[in-house]
Amino acid sequence: MEAAVFIGLLAAMLRLATPLLLGSLSGIWAERSGVVNIAIEGMMLTGAFAGYVTAERLLDAEIFDGIGTGHLWLGVLAAVVAGAVLGLVHAFWTQRFRTDQIVSGTALNILALGVTAYALRLIYDVGGSTKLPETLPALFSWTVEGKDGPVGIAFTPLMVVSVLLCLVTHVVLFRTPWGMRTQASGEHPLTLSSLGLSVLKTRYANMAISGGLAGLAGAFLTLEGIGQFNEGMTSGKGFIALAVMIFGRWRPLPALAAACLFGLADALQIFLQTLGVQVPAEWLQMLPYLLTLVALMGLMGRARPPAALGQVQ
Amino acid sequence: MKVFLSLAWSLLAVLAALLTGGVVLALSGYDVGEALGALFKGAFGTPNALAETLVNTTPLLLAALAVALGLRAGLFNIGVEGQFLMGGLGAVVAGYALPSLPWGLHVIVVLVAGMLAGAGWAAIPAWMKARFGAHEVITTIMFNYIAFRLVGWLVRVPLHGPGSIPQTRYVVEGARLPVLWADTRLHAGLIVALAVAAGLWWLLWHTPWGVAIRAVGLNAEASEYAGIRVVRTVVTSLALSGGLAGLAGAVQLAGVDHRLVEEGFSAGYGYDSIAVSLLGANHPFAIVPAALLFASLRSGASLMQIEADVSSQIISVLQALVILFVAAEAGLRRERELKAARKATAAAPPAAPPSSGAGLAASAGSTGQGQEA
Amino acid sequence: MVPAVALEGITKIYPGVIANQDVDWTLEWGQIHALLGENGAGKSTLMNILYGMTVPDSGRIVLEGREVRIGSPSEAIRLGIGMVHQHFQLVGSLTVAQNVLMGMEPRRFGLVDTSASHDKVRALADQVGLPIDPAALVEDLPVGLQQRVEILKVLARDARILIFDEPTAVLTPQEIALLGQVMQRLAAEGKALVFITHKMREVQAIATHVTVMRAGRKVGVADPRRATAAELAALVVGRPLKSPPETPPSAGGATLLQVQDVSCRSARGLEALRGVSLEVKAGEIVGLIGVEGNGQSELVEVIAGLRPVSAGRILLAPRGGGAFVDLTRATPGARRTAGVGHVAEDRLRRAVIKSWSIADNLVFDRFHQLPYAKAGRLDHETIRQRGATMLARYRIKAPDAQTPVGSLSGGNQQKVVMARELDDRYHVLLIAQPTRGVDAGAAEAIHDEMRALRDRGAGVLLVTNELDELLAMSDRIGVVYHGEIVAWRARGTVTREELGRLMIGGRQTGELGTPA
């Protein structure tokens, strides 16, 4: 294979793996503390929307004169906050109201889809949005000359941040007092309450982090990716991220590898389409979903989830 | 009796959800009175509006019965949307590829074809759950996305009918459900749906199979212990749930659409049906008024969009709020009952450790809408 | 001297149940104070109040002469009170040190300082004479060592008042003796110890003082070294206890159940049974005992069809005689049809559906058969009638047979299970922990039913952790250790001490729990 083709594929893989990695970290924070979070999809979508709207509304704000990307960074912040709020709602519903965690997650997914679509029309009066003039610029990039012009990998800020967050998650989960609490909360919550430590606080905090990470994944899609928001644009990435989490056995570093694998499958799919392979686009688009199914079949039985997953005190 | 009491509580939760929706509308700067007026008029204001509401009730009711059957067996079938689509696919093929059947028989064949298609589509995730323990929530969602792509391609290429619009041929006259009310679109599917509701109630509470389904949904380990074939019950329940979803699609196709378009046929009926089923406490009879409520929201929304300029997307918001409020109310009620039961047995605390819960990767019957903890 | 704890006039009422009524109780430094009583006597409620898990409706808690309000376990811990829980509150996937120091980890740059943690736990363990490897994963430890972790957890928080909640339930006699030594050492250091139990024998062996509770009230205080077991028992039950009827020995009839060289794996994938063989004859109760986790639970599950075998065969003689049928691969339902009944050890998880009525639970294993289902249709009337009949016959305390099983007491739930399983449709019965969480009256009734069943010619396999129950009921006793049956003894030929030795692999070390 020509080097440029390989580089192009690698670039697409990194771009597609980033939201999956962030989504799977979101899942790890939630499930390690004992809360099932199938609302990652909705939290991503909400983050994508909040990030886009914030950045777009502040595009011409005077305070950002001279700081070219200030509005984008505030958008990122808004996405994280929006995701965290949804995470807290999920925690409140499941812990305080003892709502079934899957029911609550499903409701939040529907709510996110409805609210973003409704608000999009309310603000812009259309089903899609205009493109932002620019997205978050690459921190550094690596370019190779190919036969159809230069091909490069752009290492964008959130891409780098997501890998750092993966390492941070690893250290926090396995090396800090908070990580010990989180694991206890997911494995045997009575341990915490019998010592006078709060399971609820642990779960609320972890759900806020989980939501924030999913929101960040959404910000990546709009502010570092295509620069615009479309209805339902996450199209299942939040669920695929859960498969990535399971594939990584609820551990951050293996999840990084799993996210790259899923990103590669998605990249291949797009790559084959652009090559003009004689396979209908719809068939290629099924690939990531099929891979998710294969992953679930292969690993579900053997991977051991946190023992108290889904339980309420 | 208990069902109706719980329905009364659910109604309060619905009111709270609608109130919240009203606040959202007001905050958006709309005239709430005007919007709700248009919503009501659009749902019940004219004979035709009423008929359209009932037309919308039919697929919602059938799809919600599919969700309810799954939840009774402890399965969260989020794949109803995709199974609905596959049901439409099965129905349309049977409806135009078999042109020579007598009228009454043909429409039955069409409905059965749709049911089988939906059941078959749900049987794959059911098998994945039974064989590999793959959780149905994620797998059925994946099957939704796959169904959209698959049907999209089928309609665009091999089943593309005459003309340039990507859609299949129309089913023959004899494969369509008869119209019940002249000059409206109200068709006999409503009767089918009501009959299925009664049938499901009979199945669940008056047959041994129904006992097995409910037992597995409440406590899979105890069911296995008592001699029930848990895996078989899980697989057949999910397949039958898919069959009902497929029937919903077939009824919609044979009664309203008459051909399959590239996208938009399922129109969110599958997702909305989750809210309908939860609102109806997964009880076949209570689901009927719940479906009517959601159908009226749906048919009223278009007039609300035209007259009050409110985006019809507000309906999804309302539905999500209904699920959240109803589920919160149910959760609080369960907590009250649990507390009462604990106090009653406080004198003799059970010596059992806490049982394992409803994890994403737990093998069977892990989605506990009403599951015992 | 100011007592460590004085509870004055404690009353706690739940709707319909008086858990504690006007209880006065004192605990002195250096005491090992047993709280003795049946299930539901109120001893756990009293200690939950002291540990801040329950707030009393009235009464005072006086700690070292100062009245205090204890609203949560964390306040209790701050006041120097610790509890060693009956169900260990441990995280299996974490290490001993991580469990012991949960919430009080030594830190370095915000991270847990692992080597300092290990040093700290090791120092503490050596100081109190409970050596343990701080780096071991808790889930890999045997039960006796897990309890050691639980004790260290309390001591690491500087508790001076220690509550032991039924600490001997899962221990062998030797482990119990060792626990007693540890408790005596702690008391000698001047700490105050409370010991919740329902076993007189252990009170006499370990405690320095005993308070007996019954129906929420304090009914007596005694010197455990002077009071006889019979005197204590009479206080506990409130009437002279009839001595358990001597079960006449049974020669046994024809073999009904044959288990041949059966092996299987546990839920965690480890080898749980290694080539176990046994026989159960007609008219015989075969008792099995072992330290929890040695394979006896798995053996019952394997015979019931709830866990697959990895090797071996399970054969059953059909009711009324005839050639053995091979049940090795049969479904649980097929085994029930063939005549194997099962009283599961975890009632609420396995044996009943809590939200269903007593009547429905009574036909849970047969609702699809005549006369409860006819032509694919349930006969609700027949089901209801049977419920009413059994309610009366087994004296199940409930308003009617439509009462949900979840609202019954543990003893009455167990009676529902017994009423269903001790039925003549089953000629082989697997009975696990039949009296766990059941009060003395119900336990007596359950034992009577088991004897009657045996005398009607059924074969019974009894698995229990209660040595008294095992010795009173079994015609033959097998000891399970490390996935094997290591010894068989006939009725009346074995002592408790010998059983205890066999349960830990026959070695006479003083070490707690030896299975790997």
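The values are calculated or read from the model by the stated rules, or taken from the named source; none is laboratory data. Note that the coordinates shown come from a computational prediction; the quantities given were computed from them, not determined experimentally. As a convention, Cβ positions derive from the backbone with ideal geometry for all residues, glycine included, and neighbour counts pool all protein chains shown. With ligands, DNA and RNA removed, areas are computed over all heavy atoms of the protein, side chains included. Shrake-Rupley method; radii C 1.70, N 1.55, O 1.52, S 1.80 Å.
For region C:361-377, the set of residues classified as facing chain B (nearest Cβ under 8 Å) and of a type in the set (D, E, K, R) consists of C:ASP365, C:ARG377, listed by residue number. Based on what the data block shows, is A:THR292 open to solvent by less than 50 Å² (accessible area, probe 1.4 Å) and within 12 Å of another protein chain (Cβ to nearest Cβ)? Criteria met by A:THR292. All of (1) closer than 25 Å to C:THR168 by Cβ; (2) at pLDDT 95 or above hold for C:HIS118 with one exception: (1).
The single condition from (1) part of a helix (DSSP H, G or I); (2) touching a residue at least 24 places away in the same chain (Cβ under 8 Å); (3) farther than 25 Å from C:ALA234 by Cα; (4) not β-branched (Val, Ile, Thr) that C:GLU498 fails is (2).
So that you can scan it fast, the table gives a plain yes or no per residue for (1) touching a Pro at 6+ places or on another chain (Cβ under 6 Å); (2) over 30 Å from C:ARG268 (Cβ atoms); (3) of a type in the set (D, E, K, R):
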{"position": "A:ALA217", "(1), (2), (3)": "yes, yes, no"}
{"position": "A:PHE239", "(1), (2), (3)": "no, no, no"}
{"position": "A:LEU242", "(1), (2), (3)": "no, no, no"}
{"position": "A:GLY248", "(1), (2), (3)": "yes, no, no"}
{"position": "A:ALA259", "(1), (2), (3)": "no, no, no"}
{"position": "A:LEU268", "(1), (2), (3)": "no, yes, no"}
{"position": "A:GLN278", "(1), (2), (3)": "no, yes, no"}
{"position": "A:LEU296", "(1), (2), (3)": "no, no, no"}
{"position": "A:GLN311", "(1), (2), (3)": "no, no, no"}
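Per-residue answers, yes or no, for (1) out of contact with any Phe, Trp or Tyr (no Cβ under 9 Å at 6 or more places or on another chain); (2) modelled with pLDDT of 95 or more:
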position: B:ALA38; (1), (2): yes, no
position: B:ALA64; (1), (2): no, yes
position: B:LEU69; (1), (2): yes, yes
position: B:TYR96; (1), (2): no, no
position: B:LEU101; (1), (2): yes, no
position: B:GLY104; (1), (2): yes, no
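Checking C:ALA135, C:ALA159 one by one, the residue that is among the aliphatic types (A, V, I, L, M), in a loop (DSSP other than H, G, I, E, B), over 23 Å from C:GLN184 (Cα atoms) and touching a residue at least 40 places away in the same chain (Cβ under 8 Å) is C:ALA135 and no other. Scanning region A:162-212 for residues that are without any contact (Cβ under 8 Å) to a residue 40 or more places away in the chain and hydroxyl-bearing (Ser, Thr, Tyr) returns A:THR176, A:THR191, A:SER194, A:SER198. Residues in region C:25-83 that are hydrophobic (A, V, I, L, M, F, W, C), open to solvent by 20 Å² or more (accessible area, probe 1.4 Å) and modelled with pLDDT of 90 or more: C:TRP29, C:ILE77, C:LEU79. Of the candidates B:VAL171, B:VAL155, B:VAL192, the single residue that is closer than 23 Å to A:GLN285 by Cβ, buried (at least 20 other Cβ atoms within 10 Å of the Cβ) and among the aliphatic types (A, V, I, L, M) is B:VAL155.
The helices (runs of 4 or more DSSP H) found entirely in region B:150-245 that carry 1 or more residues being among the β-branched types (Val, Ile, Thr) and more than 14 Å from chain C (Cβ to nearest Cβ) are B:189-206. When A:ARG98 is tested against (1) part of a helix (DSSP H, G or I); (2) within 11 Å of chain B (Cβ to nearest Cβ); (3) touching a residue at least 12 places away in the same chain (Cβ under 8 Å), exactly one condition is not met: (1).
Rundown of residues vs (1) polar (S, T, N, Q); (2) over 20 Å from the mean Cα position of the chain (by Cα); (3) at pLDDT below 90, yes/no style:
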position: A:TRP250; (1), (2), (3): no, no, no
position: A:ALA257; (1), (2), (3): no, no, no
position: A:GLY263; (1), (2), (3): no, no, no
position: A:LEU287; (1), (2), (3): no, no, yes
position: A:LEU296; (1), (2), (3): no, no, yes
position: A:LEU299; (1), (2), (3): no, yes, yes
position: A:LEU309; (1), (2), (3): no, yes, yes
position: A:GLN313; (1), (2), (3): yes, yes, yes
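Does B:GLY45 satisfy the condition of being closer than 25 Å to B:SER312 by Cα and crowded, with 24+ Cβ neighbours inside 10 Å? It would help to see each step written out before you state the result.
Working: closer than 25 Å to B:SER312 by Cα: yes; crowded, with 24+ Cβ neighbours inside 10 Å: no.
Spelling it out, it is not the case that B:GLY45 is closer than 25 Å to B:SER312 by Cα and crowded, with 24+ Cβ neighbours inside 10 Å.
Summed over region C:322-337, the residues that are in contact with a strand residue (DSSP E or B) (Cβ under 9 Å, 6 or more places away or on another chain) and either assigned to a helix (DSSP H, G or I) or touching a residue at least 60 places away in the same chain (Cβ under 8 Å) (or both) give a count of 4. Evaluating B:SER6 against the criteria (1) at pLDDT 90 or above; (2) open to solvent by 10 Å² or more (accessible area, probe 1.4 Å) leaves one unmet condition, (1).
Would you say A:ALA84 is in a helix (DSSP H, G or I) and open to solvent by 10 Å² or more (accessible area, probe 1.4 Å)?
On the way: in a helix (DSSP H, G or I): yes; open to solvent by 10 Å² or more (accessible area, probe 1.4 Å): yes.
When the stated conditions are applied, A:ALA84 passes them.
Condition check: open to solvent by 20 Å² or more (accessible area, probe 1.4 Å), in a helix (DSSP H, G or I) and in contact (Cβ under 8 Å) with a residue 24 or more places away in the chain. Does A:LEU113 satisfy that? Criteria met by A:LEU113. I'm checking my understanding of the structure. Among residues of region A:170-207 that are more than 11 Å from chain C (Cβ to nearest Cβ) and out of contact with any Phe, Trp or Tyr (no Cβ under 9 Å at 6 or more places or on another chain), which one is surrounded by the most Cβ atoms within 10 Å (Cβ to Cβ)? Residue satisfying both the conditions and the ranking: A:ARG203. Within region A:212-265, the only residue that satisfies the criterion of being outside any helix (DSSP H, G or I) and in contact with a His (Cβ under 9 Å, 6 or more places away or on another chain) is A:ARG251.
It is to be established whether one or more residues within region A:266-274 are modelled with pLDDT under 85, part of a helix (DSSP H, G or I), away from chain B (no Cβ under 14 Å) and open to solvent by 60 Å² or more (accessible area, probe 1.4 Å). Looking through region A:266-274, at least one residue is modelled with pLDDT under 85, part of a helix (DSSP H, G or I), away from chain B (no Cβ under 14 Å) and open to solvent by 60 Å² or more (accessible area, probe 1.4 Å). Here C:ARG307, C:ARG239, C:ARG319, C:ARG274 are screened, and the one residue that is within 26 Å of the chain's Cα centre (by Cα), modelled with pLDDT under 90 and not in a helix (DSSP H, G or I) is C:ARG239. If the condition is being hydrophobic (A, V, I, L, M, F, W, C) and either open to solvent by less than 20 Å² (accessible area, probe 1.4 Å) or more than 14 Å from chain B (Cβ to nearest Cβ) (or both), then region C:312-346 contributes C:ILE314, C:LEU315, C:LEU316, C:ALA317, C:ALA323, C:PHE324, C:VAL325, C:LEU327, C:VAL340, C:VAL343, C:ALA344.
Quick one: which of A:THR46, A:THR18, A:THR69 is modelled with pLDDT of 95 or more and farther than 30 Å from B:VAL326 by Cα?
Result of the check over A:THR46, A:THR18, A:THR69: A:THR18.
Within region B:249-279, the residues that satisfy the criterion of being over 18 Å from the mean Cα position of the chain (by Cα) and within 12 Å of another protein chain (Cβ to nearest Cβ) are B:GLU262, B:GLU263.
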